[in-house]
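Below: one structure, written as structure tokens.
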Amino acid sequence: MTYIVATSTGFPSQYYPQEVLATALHKYCLEMELDFDLEQIDQFFSNVMIEGRYFALPLESVYHLPTWETTVNTAIEAAVNLATATVYSLLERVGLVPEEVSQITSATLIPAVPSIDARLMNRIPFSPNVKRIPISGIGCLGGAAGIARVADYLQGHPKEAAIVFCVELTSMLWQGSFQKELSSLISRVQSDPSIYSDIIMTLVTAALFGDGAGAVLMVGRDHPLAQKSTLKVIDNRSNWLPNTEDLVRVDTIDSGMRSILKPQLADFVKVGLRQVIDSLLADHNLSADKISRWIVHPGGPKIIKAIEDEFALGDQVLQLSRDTLARVGNIASATVLYMLNEVLSRDSPPPGSYGLLVAMGPGCSQEVVLLQW
């Protein structure tokens, strides 16, 4: 048995309404004289049901886009600052000193070597002997996978405390990647209509993702803070669907990074989650109707609806997923940590109630954590 003791979240100071971000792409298309129906930008930015998103990196002038080198270095510094504040807040909530943390697991899409958690070591006085596991390449799966892997670790180290943190800065793609890719695709679409779907994927990515960080403090069953926890990690499951890596991924291109989200993803998510959730619940003699809290990563409105339909969930069961998407957008690996923080800040269900923390990512992969109050 492992325990979740505390959570914290962190966001940059800049918050852009969705309309402002759509207007920024309008401006770029007009000033670059791109032949494209601008109403489609408004359509996609509206369809994802997002009100606004936090950005660590500001919207730049289309005439003064920084180099990818400048963007990455700026993003790394901003990510370390955001992670530092989020982790300090986590420790302060329970009065734990950094030296008492034995293990740190982190996840991010930011290309940083040394990793973000290594750079965090110079900001927060953790023990130099702390064990670190930086996770990369799993995208939106990171928060759930981090909790699951740390729960496994603490089973064998029941006296220890561990931290999971995720930090994502999708605003780095707004420093030129989105704009340059749209310019290239739109200029070629008349001669090659097949790339229109790539334009759509670029617009959907631009409409969905935001910045943020989340952190979770977990302890083993024999740690003193276990007695103060109201939430236990009971079990977890991973799943991977073969030959689906083209459905969701992040490519490196000349202008930076390019996110791929294909429309067939929702169907494969249903298949993958059905496999892993049924297996996990069956091992504990549970069924979907016995789950009091569904903490489901909101990949987008279609993903939320697909999961609702697959598991015959009521209209309000995934309301937290919709609310999260509306308030902060999709913040990749940090999203489920933000959602877990929201759940723990509200009234708890009766003792003994179960919850599922669910995330999906590239691979195509799924991660599910069974919780109990």
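Summary table
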quantity: In region 139-149, the residues that are over 8 Å from the mean Cα position of the chain (by Cα) and buried (at least 24 other Cβ atoms within 10 Å of the Cβ); calculated: 144, 145, 146, 147, 148
quantity: Hey, residue 280 over 26 Å from residue 212 (Cβ atoms), part of a loop (DSSP other than H, G, I, E, B) and in contact (Cβ under 8 Å) with a residue 40 or more places away in the chain or not; calculated: no
quantity: Residue 88 of a type in the set (Phe, Trp, Tyr), buried (at least 21 other Cβ atoms within 10 Å of the Cβ) and in contact (Cβ under 8 Å) with a residue 12 or more places away in the chain; calculated: no
quantity: Residues located in region 117-131, provided they are crowded, with 16+ Cβ neighbours inside 10 Å, hydrophobic (A, V, I, L, M, F, W, C) and within 23 Å of the chain's Cα centre (by Cα); calculated: 120, 121
quantity: Top-ranked residue in region 4-19 [being touching a helix residue (DSSP H, G or I) at 6+ places or on another chain (Cβ under 7 Å) and among the polar types (S, T, N, Q); ranked as nearest to residue 332 (Cα to Cα)]; calculated: 9
quantity: Residue under evaluation residue 165, criteria (1) surrounded by fewer than 21 Cβ atoms within 10 Å (Cβ to Cβ); (2) at pLDDT 95 or above, criterion not met; calculated: (1)
quantity: Single residue of 23, 74, 70, 7 found to be in the same structural domain as residue 176 (by TED's automatic domain parsing) and touching a Gly at 6+ places or on another chain (Cβ under 9 Å); calculated: 7
quantity: Strands (runs of 3 or more DSSP E) wholly inside region 166-260 that include at least 3 residues being touching a Cys at 6+ places or on another chain (Cβ under 9 Å), assigned by TED's automatic domain parsing to the domain that holds residue 8 and touching a residue at least 12 places away in the same chain (Cβ under 8 Å); calculated: 211-220
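The values are calculated or read from the model by the stated rules, or taken from the named source; none is laboratory data. Everything quoted here is computed from the prediction, not taken from an experiment. Because the Cβ atoms are built from the backbone with ideal geometry, glycine has one as well, and the counts that use them run over all protein chains shown.
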